[in-house]
Amino acid sequence: MIGRLNHVGIAVPSIEEAKQTYRDLYGVPESAITETRELPPQGVRYAFVNLPNSQIELIEPLGEDSPIKNFIEKNPKGGQHHVCFEVADIYAARDEMVVRGAKVLNEPRIGAHGVPVIFIHPRNSNGVLIELMETPKGAH
Ligand code: CO
């Protein structure tokens, strides 16, 4: 069974502008917004907005082969891209998802939190792309 909602992924054309929205419109203090970092193997720049009970993950395409480039072309102002739940063991979760007939989109790989993640096709979850990530050690 899935655990905590870890974050909601929002794809945006500009992380800096999106940060400004969370600061200016929603009053999130600067200290709750992380630096923007890059994850070249996965074709994204990313930053987190830390909320009391969860995170917003802002992702921006990085490079021509970015997997979110098409998403931004279809949604030029950005949009809700995925929802991420924690699991205790990513390999056990992957195997279980396959047994249950879900379309697992990738082999476990290190994501923005430094722990392995997999993605489940939106067709299996009411049209929502689901990320499963292994609970970071020492979290919670
Ligand atoms: Co994510």
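What the Cβ-Cβ distance of residue 137 and residue 70 gives, at R0 = 41 Å and to the nearest 0.05, is a FRET efficiency of 0.75. Using the Karplus relation 6.51 cos²θ - 1.76 cosθ + 1.60 with θ = phi - 60°, the per-residue 3J(HN,Hα) values for segment 102-112 come to 7, 8, 8, 7, 7, 5, x, 9, 6, x, 5 Hz, with x marking Gly and Pro. Annotation: amide H-H contacts under 5 Å for residue 109 (H modelled 1.01 Å from N, sequence separation of 5 or more, or interchain): 117. Straight-distance candidates among the aspartates and glutamates for linking to residue 137, with alpha-carbon spacing under 12 Å and chain neighbours fewer than 8 residues away dropped: 86, 89.
When you restrict to C-alpha pairs under 8 Å that are six or more residues apart and normalise by the size of the chain, the relative contact order lands at 24 percent. Placing 69, 103 in order of accessible area, with the largest value first and a 1.4 Å probe, yields 103, 69.
Distance from the Cα centroid of segment 5-29 to that of segment 37-110 is 16 Å (rounded to whole angstrom). Across segment 22-29, computed HN-Hα scalar couplings (Karplus, 6.51 cos²θ - 1.76 cosθ + 1.60, θ = phi - 60°) run 5, 6, 7, 8, 10, x, 6, x Hz from first to last residue, x flagging Gly and Pro.
Note on exposure: 48, 85 ranked by accessible area (1.4 Å probe, complete protein assembly) read 85, 48, with the most exposed listed first.
Computed on protein heavy atoms with a 1.4 Å probe, the accessible areas place 110, 10, 120 in the order 110, 10, 120, largest first.
A simple count of charges around residue 71, restricted to other residues whose Cβ falls under 15 Å of its Cβ and scoring Lys, Arg +1 and Asp, Glu -1, yields -2.
For the chain, with all protein chains in place and a probe radius of 1.4 Å, 53% of the accessible heavy-atom surface sits on carbon or sulfur. P(r) for the chain, from all Cα pairs and a bin width of 5 Å, is 2, 10, 18, 23, 20, 15, 8, 3, 1, 0 %, short bins first. For the chain, the solvent-accessible area with a 1.4 angstrom probe is 57 square angstrom per residue.
The values are calculated or read from the model by the stated rules, or taken from the named source; none is laboratory data. If you're wondering where the values come from, they're calculated on a predicted model, not measured in any experiment. Here Cβ is always computed from backbone atoms with ideal geometry, including for glycine, and neighbour counts include all displayed protein chains. Ligands, DNA and RNA are stripped out before the accessible areas are found, and what is left, the full protein with its side chains, is counted by its heavy atoms. Shrake-Rupley method; radii C 1.70, N 1.55, O 1.52, S 1.80 Å.
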